[in-house]
Structure formats: structure tokens, C-alpha cells
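Peer 1: Pasting a structure here, questions to come.
The values are calculated or read from the model by the stated rules, or taken from the named source; none is laboratory data. The shown structure was predicted, so the numbers you read here are calculated from the model rather than taken from an experiment. A quick note on method: Cβ atoms are made from the backbone with ideal geometry, for glycine too, and the neighbour counts reach across all protein chains shown.
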Amino acid sequence: MTSITARKGGPGLASGHPASPSPSPSLRGRRRPGEALAKVALRLAAGITIVTTLGIVAALLVPSLGFFAEVPVSDFLFGDRWAPRFAEASFGVLPLVTATLWTTVISLAVAVPLGLGAAILLSEYASARLRKVLKPLLEILAGVPTVVYGFFALQFVQATVLREWLQLPTGAFSVLAAGLVMGVMIVPTIASISEDAMSAVPQALRQGSAALGANRMQTTLRVVFPAALSGIIAAVVLGVSRAVGETMIVAIAAGNQAVVVTDPLQQGQTMTGFIANAALGDSRVGSLEYDTLFAVGLLLFCITLLINAISIALVRRFREAY
Amino acid sequence: MTKSFTKSAVLTAAIGAAALMLAACGGQPAAQSPSAAAGDALSGPVVADGSSTVAPLSEAAADLFRDAEPDVDVTVSTSGTGGGFQAFCAGETDISNASRAIKDEEAEACAAAGIDFTEIVVANDGLSVVVNPENDWADDLTLEQLQTIWSPESEGEIMNWNQVDPSFPDQPLTLFGAGTDSGTFDYFTDAVNGEEGAIRTDYSPSEDDNITVQGVSGDIGAIGFFGLSYVEENEGAIRAVAVDGVMPSTETVQDGSYTPLGRELFIYVNNASYAEKPQVAAFVDFSLENHQEIAEASLFVPLTEEQVEVAQDELATLR
Amino acid sequence: MTTLQSAIRGIRPLTGRGGERRPGPVVFLVLLWLSLVVAFGVLATLIVTIVLEGMPQFTTRLFTEYPASSPDEAGARPAILGSIWVIATTAVMTVPLGIAAAVHLEEFADQRNWFNRLIELNVQNLAAVPSIVYGLLALAFLSMLGVRDKSIVIGGALALSLLILPVVIIATREALRAVPAEIRQASLALGATPLQTTWRQTLPAAVPGIATGTILALSRALGEAAPLLVLGALVFVSFDPNGLLSGYTTLPIQIFGWTGRPQAGFHELAAATSVLLLVVLLAMNAVAILIRNRFQKRW
């Protein structure tokens, strides 16, 4: 799954295949009203994607406007106390953002080395037979549902590894456990796209490097890696966006305490964790609690959009044309 | 190539049809069921929402009820007592589970929406304060100590057990508890801090008491609160403490000595649902007729005899 | 020779001028292998711990019983049926729409038009949106329609359809792209209209790729829980789903619910259900890969 989605889901990988030219009017022959109708239907289908995006923006924006009518934007973005449903309510989103930041950083610290390592191995060192075995295995890693990863994070990583084996001072939930498992979940994303990028580097470059006396490690690090940089950056950025948007692992294993996270061994509530948790309660349409849900959703959407945009810009900067 | 496309399309349609058929077949009653008291088999939905304290009771009732009436679809959600009332007063649910009595505003909202309801006490509860089993210093907490731990002024200030009582060890305090939609939350804040909703906000709130159990069982310095049934359900994982010298138990709750945290648990029945939907009426009647068995199955404190009589009277007004 | 031997033999000349002895490159290679070992080690640990924990609960009761207050009487039957209902509905909603949209974008749209390039960019962005936002979208949409009870099959299917639509579109486009232009041109040369060409030549040729992509997208939808949580699907359900407007629960939601309970018995149930879900997903992925390998035409 990752290989297909990742390959085309990476931003900036533009399509080069031209559309088939339509025949000139004189060749059209018999009029077929069904044709025109069908083409309109197809165009409508494609338009649904625009409607979806507009829908997302509208769905998030409308309640958010209601939210910001009551809560000043600066309070929301820069406040450090998140207590939206309490009597003495406070809507500072920083605690959620710090938790998201921590889980993302931890997961990248795991996923980038492991993912790049796997990618380099697969693209530069492995034989075709080995690749045939390893690639599907990587896809399995991507196919495990995040609920199951969350369960694993809570039961094994937090309870057994962190508390029992390593005797770390931590409770039933922690940002660290969630982040570590999230990292493993993202490995296939980074590995797959990076491997595609590295495989796309022409063999001539490698041969040239070898001819100049470099060994494989030097070739990989100094020739292939820089040449594939745009794809690798795309891979890492996609990994970041997946980490930011991940819900189930943090909902299960990171805890519910919405305070600014200073220590990965403590609990934290990420933006996605808040949305999931709040949705478990009941919020009346139009109430401030309902609007809060969408305000956080809007922030999340904007952040992922921003990450995507940065990725496209970076890829365009570093792209090497062959 | 057209053939293979058609073949795939047919195959996909066949799989889809098979799946739906399987699902439909699964929907039919499996075994012969003991006939209900009323005779004809009932069907239809019964929608219950509200307190996560009362939910295990509803679930146990639904379990037993399914043996009698397998075609009735009972759903139990746990949006919290407050959340449940919001849905109830919008006419979305038939039964609202509540771990506190309905507030005036909520009753007004129901009246404004034209929803008449009947309040029925279904069980008793001792709202228990729990700590980690390895916590060997807090066996008995006074109400004042609970206030020190939970009051709004303690937010960011009281972070260690030795600030609660100098004889307690130097152990960071981690707090878990019910969320703001929860009746347990309302009742606890009212009883301990003197005002509903008054509490420090730097704890781990959850509408699901199970999460509180998990949290407390995982941290030696943790403290939490939830209903007695959850204490008995999770005996090894957490430990209840005595409040002002009284341990919560069936006896102390029923005779009123566990105070101020002893309370009644309610269901609120939508009168119209009861009158117009026979499956709802059957479920409510069944719950009351078999209240002892249900309370034992879900580890709740059963009703006293007087309470049973009062409940029966309330039900009678419905019929 | 054994796979291991051939693997080693395959690697040895790759370390550089045959028999590289300097520590640097060798350490590098070791680190690379280590990364794979760690990643797969974690996966293996996950599978082993889940299988071991779920073993006691892997009985027929898991398939036939409804959730209960006691783990010894509970089963995942409504979750299994609910997943089938939701995924089938999602497939019916998404697959024709996704294929139609992809056909338009790939075959009929003028690639130079800014509007169509916007759609392309849009689809790629949508594929990267967090899944929970799709839940919020479905929530808002259903609220707008005035739907009271949002934890119904069609609601969940709506959220999941929107979630995997970009994936289906992207996969279909790729499959269409793999069909050589000569096929289309030959068809047109023989007098077929563009629509006939697409319907009778291009699409059928792309079916294996489309099928693979669709199955993988559906398998992703099967494993999703976040959007459904937002729609209020975490509910104690003690009946089989019986219609598009019926209440439901799915396997991931059920796992989530049982994970939250503190009793060990429920954790065993969650583990057993996770094993079931993993087996189903593995089967779906295997089918998809099988289709790709067996039916993929090499042009």
C-alpha cells in the first residue's frame, strides 16, 4: 500500500504523461449524446475532489469563526492553559501543540534513521531477490492498523519496556511510548519514498563514482544521497505530516492530561488526542465546546497544509533533473 | 479485454452481494429464545446514553434482556451524565443514565422541548477515592485533605503528596478523574470542593472511568475517583481509601454512613418513548424486575427495599 | 545454496573493492542492516505479543457473541459484521466515483489547464490530510443535514469514502498511465470515440492496477478508527447492523473500546480481535499483490 500511495502521494512528483489528443471535429462522425453526457459525468466526479476540499475548509472554518468570536486568536495560539470545558475555561492551545511536537520529534528520531537505513540497504546494497523479500515485509509494517499499534504502545512499550524493564519513572501513559511506536509506524513511509528516490538516480552516477575510486559507502553518501535529496526530503516531510496527524496511537497511549509537556516520560494530549477525546463526550452543535473541536481541527489542517507546502517548495529547490 | 473487465465487475458485484447477504443472515436471530413475559417477540431500538458510571448497569441489563428479547437493539453510549442529558432533552435518546440528579436547567430544557420524563433510582453508589495499590501511606483521607488535593486553588501548587500531609512521603502527585460531562465529576466537585464544577484543571480528565483506572493503576503517586462498581471490578489494580474513616462498601452506602460521597444512580425515561415504543417499556420494566440480578452482575450496590417500592410507584405512573 | 548464503554472497562484492576491510564502510553496512533488524524486530515483537496475549480468547465465541460486561462472555460479532457493512458501503460509494474522477483527470482533462492542475494538486493534498479531519468533515456535513444520530453505517461510510477517495484516484491514475499510448491511438485509428476507447480498451487494460490500488485503499479504510470516533461510533452495541441507518461498530473501534478497559480479560479480547483484523488485512494485501503480479500486463 505504501508503495502506491507514497509514490504518488508525495508532493511535487508532477505527472508528465500527456493526455491523449482528442480527434478533430471532422473525424467525430456520428453525434453521440451519450458521449457528451458521460464526459460531463466524469468531470463532475473529478469536481467532487474540489468539493471535498472546499467542504473541509468550510466545515472547519464556520464553527471556528464562532469560536474566535468568543476566544481571541492570541489567547488561543499563545495561551498555555488548555481547559476548554471547565468552569474557569481557558483556551490556550500550547499544551496540545507541545505534546504534538514531542511525539513528532520522537517519532522522527526513530523513523528517519531506520527508514533511511532500510532505504539505502534496499536500493544500494540488496540483490533483486533480497529486495523482493524485504519490500513486501516493509509494506506489512505499513499495513498494521494504528489501533493495534496503540494497543502495543500501551501494553508492551509503556507497561513492560519502559516501566518494568527500564524502571523509568513514568505512569500508565507517556508521550515517549506513543512517539516510539509512531516512529516505527512511519518507517515504511520514509523508507519507501526514499528508496524510490534513490533507485531513480541513474546508474551512471554510481559507476562514475566507483571509477573514481570511491567505495560503496562513499558513493552512497556523497553521490546518491545528494542526488536523491528532493525525494528523501519529500519522504521525511510526509513522515512529519503523518506523525502530526496520527490519532489512535496517542489517544490510547499518550494520556489525557492537557498540560505543557516538558518531559517525554509524562503524559500529554496532542491536538488529535484532544479531538478524539472530546468527541467521546457530547457536544451540542453550535455550543462553544463543539466549536472548540473544529478550531483545533482547523489548526491541525493548517499545520499539515503548511508542512505539505514546505515540502513542495523544498523538493522544487533540490530537484535534480536527469 | 472487455471480457476480463466484465468478469472483474461481476466478481466484485458478487462479492459485494455475498457480503451483504452474510450480514443480513447474521441479523436474524440465531437460537430459540425463551419467550418474553408479553408473549410476542419485540423488536426495535432502545437508545441509552449518559453516565459511564451507570453504563455497566445498562450493559448488564442489555445482556440479560437479549436472552428474553433477542430482536431488540439496545445501544448504550457514554457521553457523560451532562452529555446524556443534552441528547435526552433533544429527544435523541429513550433513556438517560445519570450518576447525579437532573439539574434545574436541564429539566427546563427538557420541558421547553416538550420532553416529559420519569426519574427512577436504579442503584446506589459510593463515589470512591482510589490510589495505587503500592501507595501505603494514604489509607484514610479527610475531607480537608481531599480539598487540598483537588480544589481549584491547588492548580499548579499542590504537586506532591507531602504537601497534603507532612507525614506523607516525597512522591509526586498525579491526578486522574472524570471529565466535565460526567455526573461523577459534578457530584465529586460539589461534595468535596463545595461547588459543582470547581476543580483544579491540571489533572487527566476522561469521560471513561476505565481510563482513570488504567491511569491510577500505572502510577504509584496517582489518585483518582469513580463509582464503587469500578473499584470492585478492578480490585487488584487500584485500592479505595477511607473518607473520614469510612470505607465505601455496600453496607456503608446503604446505611448512609459513607458520606458525603454516597449517592443514588438514576435512569431517566422519556415518557413518550415508554408509551409509544413497547420495546423501551419492556426494557425498563425488565431492568426493574430483575434489578437484584443486574446489580449483582455489574457489581453495583443494590436498592434497599424502600427504594424498590418508590421505584415501582414511579413506574406505575408511567403505565 | 541457501538464501542466507546467496544473500551474503550478494552483499559481499557490494561493500566496495571486494573484501573491504576498512572499518568505516563495514560499520556502515552493519548499521544499515541494524536498522532493518530493529524495524522488523519491533514488528515481530508486536505480532508475537499480540498473538500470545490474544490466544486464550481466540475461540468461536469471538465470532458469535456480542460485547458483554464480562470478558468471558464477550465477542466481536457486531464489530465483524459492522466492518463488513461499512467497508462494503464505502466501496460502493468510493470506487465508481474515484475511477470516474481518475479517468477524467487522466484521459479527458487538458493537462495544461490551470483548473485541472489545481485539481491534481488538490488530490495530492487531500491524500495527506489527517484522517480525523475527515471525521470532522462528516460530522459537520451530517449536522448540516440535520441528522441527529450520527453513529450510523452511512455516516461512517461517508467519512471513510472521503478519506480513501484521493488514494483510489491516485492509484487509478497510475494504472491508467501505465497503459501505453499506442493502445489508445490504435483504438482511435480504428474509429472508436475517446469514450469507447476508454471504456473498452484503456480501462480493461488498467483493471489489475485499479483493483490492486482499490483493495489496498479499502484495507486502509478497514483499519481506520479516528474518523469514526468523531462520529460517535464508540458505543456498546449488542446487535447486528441491519441497514444503512443502523447503529454499528467496527473492528478497530471495538479494539479501541476494549483497550480502554482495565481488566486483563478485555485486553486479551482486544489482542485476539487485533489478530483477526491483521489476518484480514494481510489477506486483502496478499490478494492485491497477487492480482498485481499475476494480471499486471507487461507492455
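Peer 1: Pull up region B:92-111, narrow it to residues that are assigned to a helix (DSSP H, G or I) and charged (D, E, K, R), then point me to the one that is surrounded by the most Cβ atoms within 10 Å (Cβ to Cβ).
Peer 2: Applying the filter and picking the extreme gives B:E106.
Peer 1: Right, here's the next one. Which condition number does A:A178 fail, the rest of (1) more than 8 Å from every other protein chain (Cβ to nearest Cβ); (2) small (G, A, S); (3) in a loop (DSSP other than H, G, I, E, B) being met?
Peer 2: (3)
Peer 1: Taking the stated definitions as given, is B:A295 assigned to a helix (DSSP H, G or I) and over 12 Å from B:L57 (Cβ atoms)?
Peer 2: no
Peer 1: Which residues, counting only those in region C:231-257, are touching a Lys or Arg at 6+ places or on another chain (Cβ under 9 Å) and at the interface with chain A (Cβ under 10 Å from one of its Cβ atoms)?
Peer 2: Scanning region C:231-257 gives C:L231, C:G232, C:A233.
Peer 1: Right, next: Pull up region C:204-227, narrow it to residues that are assigned to a helix (DSSP H, G or I) and touching a Phe, Trp or Tyr at 6+ places or on another chain (Cβ under 6 Å), then point me to the one that is nearest to C:T249 (Cα to Cα).
Peer 2: That would be C:P227.
Peer 1: Would you mind finding the one in B:A191, B:A198 that is farther than 28 Å from A:F151 by Cβ and within 7 Å of another protein chain (Cβ to nearest Cβ)?
Peer 2: Checking each option against the conditions leaves just B:A198.
Peer 1: Looking at region B:61-83, which of its residues are within 10 Å of chain A (Cβ to nearest Cβ) and free of Cβ contacts under 8 Å to residues at least 40 places away in the same chain?
Peer 2: Correct list: B:S77 only.
Peer 1: Pick from A:G66, A:G55: which is within 19 Å of A:A279 (Cα to Cα), of a type outside the set (A, V, I, L, M, F, W, C) and either under 22 Å from the mean Cα position of the chain (by Cα) or part of a helix (DSSP H, G or I) (or both)?
Peer 2: Selected residue: A:G66, the only one of A:G66, A:G55 that is within 19 Å of A:A279 (Cα to Cα), of a type outside the set (A, V, I, L, M, F, W, C) and either under 22 Å from the mean Cα position of the chain (by Cα) or part of a helix (DSSP H, G or I) (or both).
Peer 1: So B:G83 passes all but one of these: (1) modelled with pLDDT of 90 or more; (2) assigned to a helix (DSSP H, G or I). Which condition number does it fail?
Peer 2: (1) is the only condition that B:G83 fails.
Peer 1: Any residue that is at pLDDT 90 or above, farther than 20 Å from A:T146 by Cβ and either more than 10 Å from chain A (Cβ to nearest Cβ) or assigned to a loop (DSSP other than H, G, I, E, B) (or both) - is there at least one of those in region C:17-30?
Peer 2: Yes, region C:17-30 contains a residue that is at pLDDT 90 or above, farther than 20 Å from A:T146 by Cβ and either more than 10 Å from chain A (Cβ to nearest Cβ) or assigned to a loop (DSSP other than H, G, I, E, B) (or both).
Peer 1: Here's a follow-up. Identify, by number, the condition in (1) among the aliphatic types (A, V, I, L, M); (2) buried (at least 24 other Cβ atoms within 10 Å of the Cβ); (3) facing chain A (nearest Cβ under 7 Å) that C:L97 doesn't meet.
Peer 2: Condition (2) is where C:L97 drops out.
Peer 1: Here's a follow-up. Considering region A:134-175 alone, what residues qualify as being part of a helix (DSSP H, G or I), within 14 Å of chain B (Cβ to nearest Cβ) and touching a residue at least 60 places away in the same chain (Cβ under 8 Å)?
Peer 2: Within region A:134-175, A:G150, A:F151, A:A153, A:L154, A:V157, A:Q158, A:L162, A:V175 qualify.
Peer 1: Additional query: In region B:86-126, how many are touching a residue at least 60 places away in the same chain (Cβ under 8 Å) and not basic (K, R)?
Peer 2: Residues in region B:86-126 being touching a residue at least 60 places away in the same chain (Cβ under 8 Å) and not basic (K, R): 23 in total.
Peer 1: Residues A:I303, A:I232, A:I275: which one is within 13 Å of chain C (Cβ to nearest Cβ), touching a residue at least 12 places away in the same chain (Cβ under 8 Å) and under 20 Å from A:A109 (Cβ atoms)?
Peer 2: Exactly one of A:I303, A:I232, A:I275 is within 13 Å of chain C (Cβ to nearest Cβ), touching a residue at least 12 places away in the same chain (Cβ under 8 Å) and under 20 Å from A:A109 (Cβ atoms), namely A:I303.
Peer 1: Which of the helices (runs of 4 or more DSSP H) contained wholly in region B:177-265 include at least 2 residues that are under 23 Å from A:F86 (Cα atoms)?
Peer 2: By residue number, B:183-193, B:209-217.
Peer 1: Also, I was wondering about something else. One residue is enough: does region A:43-50 have a residue meeting the conditions more than 27 Å from the chain's Cα centre (by Cα), more than 10 Å from chain C (Cβ to nearest Cβ) and of a type outside the set (S, T, N, Q)?
Peer 2: no
Peer 1: In this structure, is A:V110 within 21 Å of C:V280 (Cα to Cα) and touching a residue at least 24 places away in the same chain (Cβ under 8 Å)?
Peer 2: Considered against the rule, which asks whether it is within 21 Å of C:V280 (Cα to Cα) and touching a residue at least 24 places away in the same chain (Cβ under 8 Å), A:V110 comes out as no.
Peer 1: Looking for something within 28 Å of B:L42 (Cα to Cα), modelled with pLDDT of 90 or more, among the basic types (K, R) and surrounded by fewer than 21 Cβ atoms within 10 Å (Cβ to Cβ) - is there at least one such residue anywhere in region B:260-283?
Peer 2: yes
Peer 1: If we scan region C:186-203, do we find a residue that is out of contact with any Lys or Arg (no Cβ under 9 Å at 6 or more places or on another chain), in contact (Cβ under 8 Å) with a residue 40 or more places away in the chain, crowded, with 21+ Cβ neighbours inside 10 Å and assigned to a helix (DSSP H, G or I)?
Peer 2: Yes, the conditions are met somewhere in region C:186-203.
Peer 1: Give me the residue from region B:137-177 that is aliphatic (A, V, I, L, M) and within 24 Å of B:N210 (Cα to Cα) and, out of that set, surrounded by the fewest Cβ atoms within 10 Å (Cβ to Cβ).
Peer 2: Top of the filtered list is B:M159.
Results for (1) touching a Ser or Thr at 6+ places or on another chain (Cβ under 7 Å); (2) buried (at least 16 other Cβ atoms within 10 Å of the Cβ), shown as yes or no for each residue.
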| site | (1), (2) |
| --- | --- |
| A:T104 | no, yes |
| A:L114 | yes, yes |
| A:A119 | yes, yes |
| A:L130 | no, yes |
| A:L137 | no, no |
| A:L141 | no, yes |
| A:F156 | yes, yes |
| A:L162 | yes, yes |
| A:W165 | no, no |
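Peer 1: Please work out which residue is modelled with the highest pLDDT, limiting yourself to region B:58-80 and to residues that are closer than 19 Å to A:D282 by Cβ and of a type outside the set (D, E).
Peer 2: Only one residue fits best here, namely B:S58.
Peer 1: Which of (1) of a type in the set (A, V, I, L, M, F, W, C); (2) crowded, with 24+ Cβ neighbours inside 10 Å; (3) more than 14 Å from chain B (Cβ to nearest Cβ); (4) not in a helix (DSSP H, G or I) is the odd one out, the single condition A:V261 does not satisfy?
Peer 2: (3)
Peer 1: I'd like to verify a number: residues in region C:271-294 that are buried (at least 17 other Cβ atoms within 10 Å of the Cβ) and either without any contact (Cβ under 8 Å) to a residue 24 or more places away in the chain or not hydrophobic (A, V, I, L, M, F, W, C) (or both), how many?
Peer 2: Number satisfying all stated conditions: 4.
Peer 1: Suppose we filter region B:146-173 for residues that are polar (S, T, N, Q) and in a loop (DSSP other than H, G, I, E, B); how many remain?
Peer 2: 3
Peer 1: In addition: So, B:C89, is that one crowded, with 22+ Cβ neighbours inside 10 Å and over 17 Å from the mean Cα position of the chain (by Cα) or not?
Peer 2: Criteria met by B:C89.
Peer 1: Here is a check on your reading of the model: is A:P72 farther than 30 Å from C:L34 by Cα and crowded, with 20+ Cβ neighbours inside 10 Å?
Peer 2: The answer is no for A:P72.
Peer 1: Which residue out of B:A109, B:A138, B:A123 is closer than 27 Å to B:S298 by Cβ and either modelled with pLDDT of 95 or more or of a type in the set (A, V, I, L, M) (or both)?
Peer 2: The match here is B:A123.
Matching residues to (1) aromatic (F, W, Y); (2) assigned by TED's automatic domain parsing to the domain that holds B:S58; (3) farther than 30 Å from A:R284 by Cβ; (4) at pLDDT 90 or above:
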site: B:F176; (1), (2), (3), (4): yes, no, no, yes
site: B:D190; (1), (2), (3), (4): no, no, no, yes
site: B:N193; (1), (2), (3), (4): no, no, no, yes
site: B:G197; (1), (2), (3), (4): no, no, no, no
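Peer 1: To continue, here is another question. Can you find, within region A:268-290, the residue that is modelled with the lowest pLDDT among those that are touching a Ser or Thr at 6+ places or on another chain (Cβ under 6 Å) and assigned to a loop (DSSP other than H, G, I, E, B)?
Peer 2: A:D282
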